[in-house]
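Notes follow once the structure below has been shown.
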Amino acid sequence: MTTLARRLAFAFALAAPLATAPAQAQTEITVQHALPANSHTGVGAYTFKEAFERLTNGRYRVIAQRQDNEREMVESAQIGTIDCTFTSTGPVGNFVPEVRLFDVPFLFRDAAHARGVLDSEVGQQVLARFPARGLVGVVWLENGFRNMTNSRREINTPADLRGLKIRTMENQVHMRAFQTLGALPTPMAFSELIPALQQGTVDGQENPISVIVANNIFQVQRYFTMTRHVYSPQVMICNPQTVARLSQADRALFYQAAQEAQRANRARVTADDEAGVAELRRRGMTVITEVDTAAFQAALAPAFAEWERTLDAATLRRIRDWQ
Ligand code: PAF
């Protein structure tokens, strides 16, 4: 190629994107979330949408969709049929095993403890494990602390759980916990939960107040016990190509929008937790708020010993000691 031809080729390469791109080109990003738009999860996804579209002056259009099978959402983000998902960590340990650390019961004292750890280098180190599994972990959000509901009896002590069929997420750590407490853990996708409760395939389930209220679970369950037995993080996960395609400047805006989503989601979980108990009583549930959590922790001793061996014991200790 002559020098002139090389210069022309170079100039054409620079000019081509400008010449072909329409003035108002919009890139679409599809984001899926598991719960109704007017829930803490929907608030996270829609805040991200509004923030990223605003920050990029409309160069991007975010399409938020509801899909209530979290495992399928993560698979879709991995293979790239969607760009991102807001999901609980329920199924995520099956893709990125290091996430299981955060699924251990009674690990976090309260929301400030959980948020502090997830936003620290401990949370960042776990997000850094996602790319090796063909995913990008963008930011930690939350579902909040999980509580038990069932249709059979009041749960006051671990012994009350004995023999109850409890739907859990498809999560090894949670299943092991319920088995150790004497229940019969029955893992299933959230999309199958309400029919399973209606038909009596399972007696109960466990979820944060925000989820119980947003999905009218009080219509199919009589007893609620505020066990707060495990903190349930949520994480925004994206397809690596989606993130790689963003310019450096747009990627900064993408992360800024994700942080706005985190703030809105956490504020909503706090508000739902504050209003939730009264709401569940108003909806006719028998609500137990005085729970001897030490008894549940003692009953879980064999499982705790197992997690010390199978998970990262040093990080578990670091999280417990967190001030
Ligand atoms: O129970 C679950 O599967 C999850 O907590 C839910 C409701 C999908 C929210 O992430």
Search result, residues across segment 131-143 that are within 16 Å of the ligand (Cβ to nearest atom) and of a type outside the set (A, V, I, L, M): G137, W140, E142, N143
Looking only at segment 178-210, and only at residues there that are crowded, with 21+ Cβ neighbours inside 10 Å and farther than 22 Å from S88 by Cα, the one that is farthest from the ligand (Cβ to nearest atom): L181
Test: residue in segment 156-169 that is on the phi < 0 side of the Ramachandran plot, acidic (D, E) and within 23 Å of the chain's Cα centre (by Cα): no
Residues located in segment 89-132, provided they are over 15 Å from the mean Cα position of the chain (by Cα), crowded, with 19+ Cβ neighbours inside 10 Å and farther than 20 Å from A303 by Cβ: V117
Which numbered condition V62 fails, given (1) of a type in the set (V, I, T); (2) touching a residue at least 40 places away in the same chain (Cβ under 8 Å); (3) surrounded by 21 or more Cβ atoms within 10 Å (Cβ to Cβ); (4) more than 14 Å from the ligand (Cβ to nearest atom): (2)
Options A45, A25, A37: the member that is more than 30 Å from L181 (Cβ to Cβ), buried (at least 18 other Cβ atoms within 10 Å of the Cβ) and of a type outside the set (S, T, Y): A45
Residue under evaluation Y231, criteria (1) within 16 Å of the ligand (Cβ to nearest atom); (2) modelled with pLDDT of 95 or more; (3) out of contact with any helix residue (DSSP H, G or I) (no Cβ under 6 Å at 6 or more places or on another chain); (4) farther than 20 Å from Y60 by Cβ, criterion not met: (3)
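Take the conditions away from the ligand (no atom under 13 Å from the Cβ) and either buried (at least 21 other Cβ atoms within 10 Å of the Cβ) or in a strand (DSSP E or B) (or both) and apply them to M226. Does it pass? Steps first, please.
Details: away from the ligand (no atom under 13 Å from the Cβ): yes; either buried (at least 21 other Cβ atoms within 10 Å of the Cβ) or in a strand (DSSP E or B) (or both): yes.
So M226 passes the test.
So that you can scan it fast, the table gives a plain yes or no per residue for (1) within 16 Å of the ligand (Cβ to nearest atom); (2) farther than 13 Å from F224 by Cα; (3) assigned to a strand (DSSP E or B):
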residue: F145; (1), (2), (3): yes, yes, yes
residue: G163; (1), (2), (3): no, yes, no
residue: R167; (1), (2), (3): yes, yes, yes
residue: M175; (1), (2), (3): yes, yes, no
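The values are calculated or read from the model by the stated rules, or taken from the named source; none is laboratory data. Not measured: the values here are computed from a predicted model. Counting neighbours? That spans all protein chains shown, and the Cβs are built from the backbone with ideal geometry, glycine included.
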